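Participant: I am attaching a structure below and will ask some questions about it afterwards.
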Amino acid sequence: MGKLEETWMIVSVSILVIFMAIVGYQTFALGMGPPSNKDIIDPQKVDEQAPFDEPGVFEVGENKYEVVMTLETFAFNPGDIEVPVGAEVEFIMTSKDVSHGIQIPGTNLNAMVLPGHIQRITQVFNEPGEYLILCNEYCGIGHQAMFTKITVK
Amino acid sequence: MASAKKNTHQDHSAKGTIASVSIVAIVIVLMWIGVFSLYMARI
């Protein structure tokens, strides 16, 4: 193998190893992995089961909030959400019918919400304002109308 | 014959190749840094 070939082999392997080390550290040490909650639920009995029998925004600790949310064609329940600036907000979500998605543009919050599965994502909103919440998984004829907002103040 | 082939291969200059793979490497690294910074800015 030539000297130059050795060089690019070493450089390319190093790039891969460095990328994996950074992403691995983020995921396992800092808890920044992609949303991967494993809880399951009967999608036909969402309304009868806690916590989804009472969707809403709950203060669960100092500057900590929980948003228990159900997604269905073509709405988020609860609709208008309000949380204070800098609060840690955990979204606990499930779908009552088909596959939905949740995305808040301008943040890292972006995940699928599938029937039968409970999804959890935590997000801190450091900037006050109104954020758009939208479904980014095609869910039917009214998909484009499936959005709501979250007010941070 | 086999050794002659090997020598021919060694005689080729790899400078053009390393220049092109380096450009690809820079593009990959810059894209990765871009996506990483975007993610960190939105935390």
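No value in this document is a laboratory result; all are computed from the given coordinates. Computed from a prediction, not measured in an experiment: that's the story for all the values here. Don't worry about glycine lacking a Cβ; one is built from the backbone with ideal geometry, like all the others, and counts go over all protein chains shown.
Participant: Might you check whether a residue that is in contact (Cβ under 8 Å) with a residue 24 or more places away in the chain, of a type in the set (Phe, Trp, Tyr) and out of contact with any Leu (no Cβ under 8 Å at 6 or more places or on another chain) occurs anywhere in region A:17-28?
Facilitator: no
Participant: Taking the residues in region A:17-33 that are facing chain B (nearest Cβ under 10 Å) and not β-branched (Val, Ile, Thr) as candidates, determine which candidate is surrounded by the fewest Cβ atoms within 10 Å (Cβ to Cβ).
Facilitator: A:LEU30
Participant: Starting from residues that are assigned to a loop (DSSP other than H, G, I, E, B) and charged (D, E, K, R), keep the ones in region A:34-55 and report whichever is surrounded by the fewest Cβ atoms within 10 Å (Cβ to Cβ).
Facilitator: A:LYS38
Participant: Quick one: which residue in A:THR151, A:THR94 is away from every other protein chain (no Cβ under 14 Å), of a type in the set (S, T, N, Q) and more than 24 Å from A:ASP39 (Cβ to Cβ)?
Facilitator: A:THR151
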